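S.K.: First the structure, which I've put down as C-alpha cells, then a few questions once you've had a look.
Please treat every number below as a calculation from the coordinates, not as lab data. Keep in mind the model is a prediction, meaning the values are calculated, not measured. Cβ sites come from the backbone with ideal geometry, for glycine too, and all protein chains shown count toward neighbours.
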Amino acid sequence: MAQAFFGGVHPNDMKAATNEKAIEQLEAPAEVVIPMSMHIGAPCKPIVAVGDKVTIGQKIGEPGGFVSAPIHASVSGTVKAVEPRPFSMGGTMMSVVIENDFQNTVCPDIHPVEDPDSLTPEQLVEIVKNAGIVGQGGATFPTHVKISSGLGKVDYVIINAAECEPYITGDHRTMLERPEQVVKGATLLAKCFGVEHVYIGIEANKQNAADVLNKTIAELNAPVVVEVLHTRYPQGAEKQLCQAVSGRQVPSGKLPADAGCCIFNLNTTCAIYRAGYARGEQDRHRVRLRRHRAQEHRVPHRHPHLQAVRRLRRPAGGYLQADHGRPHDGSGPVQCGRHRG
C-alpha cells in the first residue's frame, strides 16, 4: 500500500447504499440552460442565435481566452434564448437555452481519430481543447492548459480515483463498469507526457475496482499502475494524493506541477479517452448520485450537462451529488456541468 500523508480523518464513508448499484442513464430534459462559463478562466462567447437548430456536440460557445474551453450543446434542438440566467457561482451568466427535440442528432463535424495511438502530444492537446474538456473534480481548470503547461516539466502523472468523500460512488462505479476507458485514457496521458507509467490512486475501500483495473491493465498491456491508498479523508485532495502516491511533498503555496506531478480526475481521464478513441466526443455527460428518499433507493445516474437540478431531484425529493463533490440537498444553486483534476 502507498504511504500516507500527514493527518487526515476517518469518517464513516456511507457508500454501501450505492457502491453495488450500476449507473443508470437519466432521460434527457425538455430544456437545458448552458451558461457560457463552465470552467475557470474567461467565459465563452455565444456563437448561436435564437431560432438556430443545434445538434449534440455542436460548439455553441467560443473560448474567450487561453485559459478557457469551448462549450458544446448537450442535446439537439432549437435555441430558445441567449440571455443572462442565474449562475451557480452567484449572480447571472450569459447562457444558451436549448429546447430539446429528443432526436439525439449528433453534430456531423464529430469524427473519430484515425489512429489514437500515434497522436503526438501537440495533437492530443488540440483534441482535448476542441472537446472542451475541463477538470471534473471541482476546479474545472481547462485540461488542455494543464497538459500543455506540464509537458517537459512533469515526470509523474497521477489519476485521482480516491473518491474519499462520504456517500459518493460515481467514480467507483465508473471504474467497475468502464475500466477500458480509464486505462486507455491513462495510456494516452502516458504517451503524451512521455512517462513510463501513469499511477491510479484508489482508496482501499474500493479494492474490487482496483482488481478490475489491474485485470484490464494486464489485458491491454498498458503502462498503468494501480496504487491502493489508505482510506482516509482528504486522500483525494491533490497535495495529499501527490504525497501518498509519489512520496513528494508539494511546497506551501505551490501546485503539484512544482513537485513534478500532474494529477487528473478519473472522469477527466475518461473524457480524454472518449475524445481520442471514441468519436472525438465532447465532454457532455457526468455521473451524479441521486437519492430516492421515499424508497430509500440511491443510484448513480448519468445525465447531460446542465440538466436542471430540480429535474434531477423532483421525482423523489432526495439528494444530488453536486460539482463540488459533496452531498447536496438541492436547495441551493448547483451547476450540473463539467466537474477534481
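S.K.: Between Ala30 and Arg248, what length in nm is gained on full extension when 0.36 nm per residue of separation is reduced by their alpha carbon distance?
M.R.: Numbers: separation 218, 0.36 × 218 = 78.48 nm, distance 4.82 nm.
73.7 nm is the gain from fully extending Ala30 to Arg248.
S.K.: So, one more: Taking a cut-off of 17 Å between Cα atoms, list the aspartates and glutamates near Lys21, but don't count ones fewer than 8 places away on the same chain.
M.R.: Straight-line reach from Lys21, under 17 Å: Asp13, Glu163, Asp171, Glu177, Glu296.
S.K.: May I ask you to order 114-124, 129-139, 188-198 by the average number of other C-beta atoms within 10 Å around their residues, highest value first? Intermediate values should be presented prior to the final figure.
M.R.: Values: 114-124: 13.3, 129-139: 23.9, 188-198: 18.5.
Peptide ranking by packing, descending: 129-139, 188-198, 114-124.
S.K.: In the structure shown, do any of Lys59/Lys80; Lys153/Lys254; Lys59/Lys153; Lys146/Lys215; Lys146/Lys184; Lys146/Lys239 have a Cα-Cα gap over 21 Å, and if so which?
M.R.: Numbers: Lys59/Lys80 16 Å; Lys153/Lys254 15 Å; Lys59/Lys153 32 Å; Lys146/Lys215 29 Å; Lys146/Lys184 19 Å; Lys146/Lys239 16 Å.
Table pairs above 21 Å Cα-Cα are Lys59/Lys153; Lys146/Lys215.
S.K.: Which ³J(HN,Hα) values in Hz, rounded to whole numbers, follow from the phi angles of region 250-261 under the Karplus curve 6.51 cos²θ - 1.76 cosθ + 1.60, where θ = phi - 60° and Gly and Pro get x?
M.R.: So the J values, rounded to whole Hz, are 7, x, 4, x, 10, 10, x, 4, 6, 9, x, 10.
S.K.: Follow-up. By average Cβ neighbour count within 10 Å, what is the ranking of 246-259, 37-50 from highest down? Intermediate results must be reported in sequence, preceding the final value.
M.R.: Values: 246-259: 14.5, 37-50: 18.2.
Final packing ranking: 37-50, 246-259.
S.K.: For region 167-288, build the charge dipole from Cβ charges (+1 Lys, Arg; -1 Asp, Glu) around the Cα centre, then report which of Leu213, Cys192, Ile272 sits farthest towards its positive end.
M.R.: The residue sitting most towards the positive pole is Ile272.
S.K.: What ranking of Phe5, Phe264, Phe102 emerges when the number of other C-beta atoms within 10 Å of each C-beta is taken as an exposure proxy, fewest first?
M.R.: Neighbour counts put them in this order, fewest first: Phe102, Phe5, Phe264.
S.K.: Tell me, what is the FRET efficiency for Gln123 and Ala218 to the nearest 0.05, using R0 = 30 angstrom and their Cβ-Cβ distance as r?
M.R.: Numbers: r = 28 Å, r/R0 = 0.94.
Approximately 0.60, to the nearest 0.05.
S.K.: So, one more: Tell me whether region 1-148 comes out rounded, prolate or oblate; compute the Cα gyration tensor, take square roots of the eigenvalues as a ≥ b ≥ c, and use a/c under 1.5 as the rounded threshold.
M.R.: prolate
S.K.: Does region 181-274 come out rounded, prolate or oblate, given a ≥ b ≥ c as the square roots of the eigenvalues of its C-alpha gyration tensor, rounded meaning a/c under 1.5 and, failing that, prolate meaning a/b above b/c? If you can, show how the numbers build up before the last one.
M.R.: Numbers: a/c = 1.96, a/b = 1.28, b/c = 1.53.
Oblate, since a/c reaches 1.5 and b/c is not below a/b.
S.K.: Please work out whether region 69-123 counts as rounded, prolate or oblate from its C-alpha gyration tensor, where a ≥ b ≥ c are the square roots of the eigenvalues and a/c under 1.5 means rounded, while otherwise a/b larger than b/c means prolate and anything else oblate?
M.R.: Working: a/c = 4.13, a/b = 1.63, b/c = 2.53.
Oblate is the answer for region 69-123, as a/c is 1.5 or above yet b/c matches or exceeds a/b.
S.K.: A follow-up question, please. What is the fewest-to-most order of Thr92, Thr231, Thr78 by other Cβ atoms lying within 10 Å of their Cβ?
M.R.: On the way: Thr92 11, Thr231 17, Thr78 14.
Neighbour counts put them in this order, fewest first: Thr92, Thr78, Thr231.
S.K.: Provide Tyr233, Tyr199 in ascending order of the number of other Cβ atoms located within 10 Å of each residue's Cβ, fewest first.
M.R.: Numbers: Tyr233 18, Tyr199 21.
The most exposed by this proxy come first: Tyr233, Tyr199.
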